[in-house]
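**Q** Just dropping this structure here.
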Amino acid sequence: MENRWDDAEAARHPGDLGQRVYSSRLIGADPALVLYGGGNTSVKISETGLLGPAGDVLYVKGSGFGLDGITEAGFAPVRASHLIALSELDQLSDLEMARQLRLATLEPAAPAPSVEAILHAVLPFRYADHAHADAVIALTNTPSGPAHVRAAYGDQVLLVPYVMPGFELSRLVARMVAGQLSPRTRGLILAGHGLFSFGGTARESYGALIDLVTIAEDYLKAHGAWDLPDPGAGHQGTDGPAGIELARLRAGLSGLAGFPLLLQRQDDPLAAQFARRDDVAGLSQQGPATPDHVIRTKRVPLLGQDADGYARGYQEYFSQQAARHPDGASLRMLDPAPRVILDPGLGLCTAGRRPADVVAAARIYHHTIEVILRASALERWTALPPADIFAVEYWDLEQAKLRRQGDPPEFTGEVAVVTGAASGIGRACAQALAARGAAVCGLDISPAVEQVLPGPGYLGVSCDLRSEQQAQAALERAAARFGGVDMLVLCAGTFPPSARIEALDSAAWSQAFAVNADAALALLRLAFPFLCLAPGGGRVVVIASKNVPAPGPGAAAYSASKAALTQLARVAALEWAPHRIRVNILHPDAVFDTGMWTPEMIEERAAQYGLTPAQYRRRNLLGAEVTSGDVAGLVTAMCGPLFAKVTGAQLAVDGGNERVI
């Protein structure tokens, strides 16, 4: 493993805590060391407070913080002497431990200290690093794990048998360090849980971590257990498009969870090959690489697509383990829906409420596959027993990490497809739906659609919706990325140049209908089977125009094509209601922050009415300027619970128009 310490970059992070931040980020940037909030680091600093010397203050990573982007504010300052005293107790409940950690924290606004804070405190070194290194776990998660560790490391490490993280592990390590530490000791290997390194400086501790992981890698290489199988040309998937298959699977998972889940098919040849192995059941059904992963991946993945069978198995697992758990009577079962799916046709799929959860489960399980394959090549893959995984899965301190995410936004776990999303009303709708928690797929002929929103919750697809083939491909991409379609917002449109009927060009007429009506029909037809599988019922919002109820001169092609679109939507509302799909229509007018309106066009139209451009923008009963954001707000409302019992409605968004009223 490469040591990426850079003296020049380290010098930009002065002070003990600055050095701690720098080396923590180095660790967090390598997914082979830690993933998604895993691992923790610390530094002990002698400080003087308002009332005199405070002694050693342990700055330890705050619970739930990721190392990759951590700052000084992500570390909790805790009185080290208090934690060392706690390690000498015979017993300490989780609730009391959390209380004591908070009492020992010197800054009221600091994050909750890591549950490993006591362990960090008892290590007699200034700096300490904890990581869940893949290579080390591949050594320990085998039947002869202790023997492999001794053969690889000799007396450079202390081997700590698996103990539940928290107080019990801290107390055990305190006793081992007191009696077994030697000048040659560079770290701890925690069976099934990674490793600790330590040193007098951040560079020394980080360097020890990299060296210890490199030793594990070299050991695996020496035993022919490092190189992964060649996945060949990769997995080509099912014979035809898999979108509906994914949507059907997602609907089943969401029903089991009791709330909408996103589902993503991973484009991963190695994982696809793993899913097709003859021995995949024996390898995948043992448990996660490290117990920390269970809150994101569940204990085991679903094999195939029998989600109901998986749920029955999970309920049996819960009943058996809760009966043996000290607090079993008070435990409430988590939802039984799988978060990782291995299917010979689909390969690896992952599920989650938020896009980041889906990505996290995928990355974690990809690394789990690598660990499993290397451990199997070394000897035989073995995971911790179900009881140990269950203890962490239902550990209140671990569940607290999930609770800190807060209540999910309104459309969390749902998928919206928005046409015309590169600009104007479409762009505003994509942003508004995403702000309410939806995963959004934006479609537009402009390549700018690909950059509308950042992050894993947005997919921009540049396509020409006049091509049914391109529209189908776009929906397939949305299904592969998010698992289906819950909401379809039709914003794409074209406004031909103004022309009276006697001068109206047939090509302009045909173009208006091709974009405003024909493309909408094709997309509705293609989206219908997806909308039927929407966990919360499908929703369609059509952006028509004020020109439908109140057409104006010179806009025949636009008015007629939008009227056709409106009639199409009305019929869809009639036909699709039995399928729990509601279809509603908005008629905006004079929304000037869109691509249809240029300053020159506004001036021309204003002159026709004898108005200034500013007056023309507010030419309505309320004297209000209507924006794309205003329309988007009503779109999100129509997709939400406020309109849950409304379909076929037509609502004007125009500030009030005498002719419409």
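The values are calculated or read from the model by the stated rules, or taken from the named source; none is laboratory data. Here the structure is a predicted model, which is why all the values come from computation and not from measurement. Please note: Cβ atoms are built from the backbone with ideal geometry, for glycine as well, and neighbour counts cover all protein chains shown. What goes into the accessible areas is simple: the full protein's heavy atoms, side chains included, and nothing from ligands, DNA or RNA. Shrake-Rupley method; radii C 1.70, N 1.55, O 1.52, S 1.80 Å.
**Q** Relative to the first principal axis of the alpha-carbon coordinates of the chain, what is the inclination of helix 202-222, with its axis defined by its Cα atoms, in degrees from 0 to 90 and to the nearest 10?
**A** Helix 202-222 and the main axis of the chain meet at about 90 degrees.
**Q** Another question, if that's okay. What relative contact order, as a whole-number percentage, does the stretch 329-398 give when Cα pairs under 8 Å and 6 or more residues apart are counted?
**A** Reported as a whole number, the value is 18 percent.
**Q** Taking 35 Å as R0, compute the FRET efficiency from the Cβ-Cβ separation of Arg184 and Met164 and round it to 0.05.
**A** 0.75
**Q** How many nm is it between the label spots at Glu72 and Arg436, if each spot is 7 Å from the Cα in line with the beta carbon?
**A** 4.2 nm
**Q** Can you give the charge dipole size of the stretch 533-661 about its Cα centre, rounded to the nearest 20 debye, using +1 on the beta carbon of Lys and Arg and -1 on the beta carbon of Asp and Glu?
**A** Roughly 500 debye, rounded to the nearest 20.
**Q** Sorted by packing (mean other beta-carbon atoms within 10 Å per residue), highest first, where do 579-590, 5-16, 106-117 land?
**A** My ranking of the peptides, most packed first, is 579-590, 106-117, 5-16.
**Q** Which of the aspartates and glutamates could a cross-linker bridge to Lys562, judged by Cα under 17 Å and excluding same-chain residues fewer than eight apart?
**A** Answer for Lys562, where 17 Å is the Cα cut-off: Asp518, Asp589, Asp654, listed by chain and number.
**Q** For the stretch 414-535, report the % of Cα-Cα distances exceeding 21 Å.
**A** 36 percent
**Q** In whole percent, and with a 1.4 Å probe on the protein chains, what portion of the accessible area of the chain is carbon and sulfur?
**A** Carbon and sulfur atoms account for 53 percent of the accessible area of the chain.
**Q** Tell me, what is a quarter of the convex hull surface for the C-alpha atoms of the stretch 480-520, in nm² with one decimal?
**A** One quarter of the hull surface, i.e. the mean projection, equals 4.0 nm².
**Q** Which percentage, to the nearest 5, of the DSSP beta bridges contained in the stretch 144-298 is antiparallel?
**A** Restricted to the stretch 144-298, the bridges split so that about 50 percent are antiparallel.
**Q** Toward the positive end of the charge dipole of the stretch 398-543, about the Cα centre and with charges on Cβ (Lys, Arg +1; Asp, Glu -1), which of Val515, Leu504, Thr419 goes farthest?
**A** My answer, from the dipole projection, is Thr419.
**Q** Counting only other residues whose beta carbon sits under 15 Å from that of Thr598, what net charge do I get with K and R as +1, D and E as -1?
**A** It works out to a net charge of -2.
**Q** Now for a separate question. Name the residue from Cys491, Trp381, Pro553 whose Cα lies farthest towards the positive end of the charge dipole of the chain, charges +1 on Cβ of Lys and Arg and -1 on Cβ of Asp and Glu.
**A** So the residue furthest toward the plus end is Pro553.
**Q** Still on this model: Among (i) 148; (ii) 195; (iii) 353, which is the computed volume of the Cα convex hull per residue in Å³?
**A** (ii)
**Q** On to the next question. Just subtract the alpha-carbon distance of Ala109 and Ser446 from 0.36 nm times their residue separation and send over the number in nm, one decimal.
**A** Separation in residues times 0.36 nm, less the Cα-Cα distance, equals 116.7 nm.
**Q** Leaving out ligands and nucleic acids, note down the accessible area per residue over the chain with a 1.4 angstrom probe, in whole Å².
**A** For the chain, the per-residue accessible area is 41 Å².
**Q** Among all the lysines, which ones have a C-alpha under 23 Å from Lys61's C-alpha, if same-chain residues fewer than 8 places away are not counted?
**A** Straight-distance partners of Lys61: Lys44, Lys401.
**Q** Okay, moving on. In nm², what is the average projected area of the convex hull enclosing the Cα atoms of the stretch 96-155?
**A** 6.3 nm²
**Q** For the pair Leu172 and Arg150, what calculated FRET efficiency results from E = 1/(1 + (r/R0)^6), where r is the Cβ-Cβ distance and R0 = 30 Å, to the nearest 0.05?
**A** Calculated transfer efficiency: 0.95.
**Q** Right, another one. If I model a spin label at Ala637 and Ser330 as a point 7 Å from the Cα along the Cα→Cβ vector, what separation in nanometres do I get?
**A** The two pseudo-label positions are separated by 4.5 nm.
**Q** Please give the peptides 324-331, 66-73, 41-48, 81-88 ranked by average Cβ packing (other Cβ atoms within 10 Å per residue), highest first, as a rough proxy for protection.
**A** Output ranking for 324-331, 66-73, 41-48, 81-88: 41-48, 81-88, 66-73, 324-331.
**Q** Using only DSSP helix segments of four residues or longer, with each worth -39500 (n - 2.57), what per-residue ellipticity at 222 nm results for the chain after dividing by its residue count and rounding to 500?
**A** After summing the helix terms and dividing by residue count, I get -13000 deg cm²/dmol.
**Q** Within the stretch 645-661, find all residues whose amide N lies under 15 Å from a label point positioned 7 Å from the Cα of Glu625 along Cα-to-beta-carbon.
**A** In the stretch 645-661, the label zone of Glu625 (backbone N under 15 Å from the point 7 Å along Cα→Cβ) covers 655.
**Q** Where the centroid of each part is defined by its Cα atoms, how far is the stretch 598-616 from the stretch 301-342 in Å?
**A** Going from one Cα centre to the other spans 64 Å.
**Q** Continuing with this model, one more query. For the stretch 464-506, give the magnitude of the charge dipole about the Cα centre (Cβ charges: +1 Lys/Arg, -1 Asp/Glu; no others), in debye to the nearest 20.
**A** In total the dipole reaches around 140 debye.
**Q** Under a Cβ-only charge scheme (Lys and Arg +1, Asp and Glu -1), can you give me the dipole magnitude of the chain about the Cα centre, in debye to the nearest 20?
**A** That gives a dipole near 1160 debye.
**Q** Moving on to the next point. Give the value in nm², to one decimal: projected area of the alpha carbon convex hull of the stretch 331-486, averaged over all directions.
**A** Orientation-averaged projected area of the Cα hull: 12.0 nm².
**Q** Output the relative contact order of the stretch 337-479, whole-number percent, from Cα pairs under 8 angstrom with separation of 6+ residues.
**A** With pairs under 8 Å counted, the relative contact order is 16 percent.
**Q** Using r as the Cβ-Cβ distance of Ser510 and Asp94, and R0 as 60 Å, what FRET efficiency do you calculate, to the nearest 0.05?
**A** 0.30
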